Amino acid sequence: MRMKVLMTAVSLSALFSVAAGTHAMADDGKLEELKEQGFVRIAIANEPPFTAVGADGKVSGAAPDVARVIFERMGVKEVVASISEYGAMIPGLQAGRHDAITAGLFMKPERCNAVAYSEPVLCDAEAFAVKKGNPLKFASYKDIADNPDAKIGAPGGGTEEKLALEAGVPRDRVIVVPDGQSGIKMLQDGRIDVYSLPVLSIHDLVKKANDTNLEVVAPVQGAPVYCDGAAFHKDDVALRDAFDVELKKLKESGEFAKLIEPYGFSAAAAISTSRDKQCAAQ
Ligand code: 6CS
């Protein structure tokens, strides 16, 4: 009898744990894993005001600040950031090096097919940093394509690189720039004729450069306004959905605006659009 009861008990508990396990795997296995781990590994680019790493190693910027609040409310206490080139973020997520990308990685159809994006968080147009007076009269990526001598700097695997190539700028005139400071230096040294990033990023860099020989052209004509979302592995849709529940509350309470607008972002811009619209457009 005892063995029978024991077997029954064992088979029942085994059944429940499998069910729970299956349930957890299906619904919130990743979230439970992150809660137990105590931290979530996020990919960032260190491109203020989207993402920033201070000299003391402190991570800030609008995207990590929103992520930190949301993950905390999901029961994940810490965010641990690693800096990545935009073009390496999705492969890193897919390879399990990151649990989420919270970096201003703009939603575009090909990216939307590769990851599970949250609803929109940060929206921005595109900009150029150019020499004072914009001597080559750049207003669009096509203008750069039409000038056979012009070289544009842009982040590797980034939106601006793709926009330049799609506008017809040959590959050898699209120079991959590893970070903002390098891009400004290359422009100052004449190694590139224009450096392209989102508007708020370019303004931040040109202001910090404190160089009266530089100026900003914004918005870039013909380039869309993009929005990012937090990006999750395709298998972690339950985690993404849990993130979206908290993001929606944040937007509705007004806390979202308080988090991102000091950085220059518009809460209304993100609230007025959706993942579906952003993934279908551009
Ligand atoms: O999503 C992207 O590819 C772009 N996002 C930002 C915030 N900066 C540059 C990058 O190319």
*Out of ARG41, ARG68, report the one residue that is without any contact (Cβ under 8 Å) to a residue 40 or more places away in the chain, more than 16 Å from the ligand (Cβ to nearest atom) and surrounded by 15 or more Cβ atoms within 10 Å (Cβ to Cβ).*
ARG68
*Among residues of segment 71-108, those that are open to solvent by 40 Å² or more (accessible area, probe 1.4 Å) and assigned to a strand (DSSP E or B), counted*: 4
*asked:* Looking for something at pLDDT 95 or above and within 13 Å of the ligand (Cβ to nearest atom) - is there at least one such residue anywhere in segment 206-217?
replied: no
*Hey, ALA230 within 16 Å of the ligand (Cβ to nearest atom) and either farther than 25 Å from GLY168 by Cα or buried (at least 21 other Cβ atoms within 10 Å of the Cβ) (or both) or not*: yes
_Just checking, does segment 195-203 include any residue being away from the ligand (no atom under 16 Å from the Cβ) and in contact with a helix residue (DSSP H, G or I) (Cβ under 8 Å, 6 or more places away or on another chain)?_
no
_Count - residues of segment 161-183 that are open to solvent by 10 Å² or more (accessible area, probe 1.4 Å), more than 13 Å from LYS142 (Cα to Cα) and within 15 Å of the ligand (Cβ to nearest atom)_ = 7
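Any idea which of ALA67, ALA95 is out of contact with any helix residue (DSSP H, G or I) (no Cβ under 9 Å at 6 or more places or on another chain) and aliphatic (A, V, I, L, M)?
Working: ALA67 fails: out of contact with any helix residue (DSSP H, G or I) (no Cβ under 9 Å at 6 or more places or on another chain).
Checking each option against the conditions leaves just ALA95.
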*Tally, over segment 143-169, of residues that are closer than 14 Å to ILE192 by Cα and in a loop (DSSP other than H, G, I, E, B)*: 7
*asked:* Looking only at segment 109-135, how many residues end up being within 18 Å of GLY157 (Cβ to Cβ) and open to solvent by 10 Å² or more (accessible area, probe 1.4 Å)?
replied: 7
*Of everything in segment 125-142 that's in a strand (DSSP E or B) and not basic (Lys, Arg), which residue is nearest to the chain's Cα centre (by Cα)?*
GLU126
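Just for segment 146-160: of the residues that are within 15 Å of the ligand (Cβ to nearest atom) and not polar (S, T, N, Q), which one is nearest to VAL225 (Cα to Cα)? Talk me through it step by step, then tell me what you get.
We begin by selecting, within segment 146-160, every residue within 15 Å of the ligand (Cβ to nearest atom); these are 152-160.
Next, from what is left, pick out any that are not polar (S, T, N, Q): 152-158, 160.
Values: ILE152: 20, GLY153: 20, ALA154: 17, PRO155: 17, GLY156: 19, GLY157: 18, GLY158: 14, GLU160: 12 Å.
For segment 146-160, the residue satisfying everything is GLU160.
The values are calculated or read from the model by the stated rules, or taken from the named source; none is laboratory data. Being a predicted model, the structure only gives us computed values, none of them experimental. Cβ sites come from the backbone with ideal geometry, for glycine too, and all protein chains shown count toward neighbours. The accessibility values were calculated without ligands, DNA or RNA, using every heavy atom of the protein model including side chains. Shrake-Rupley method; radii C 1.70, N 1.55, O 1.52, S 1.80 Å.
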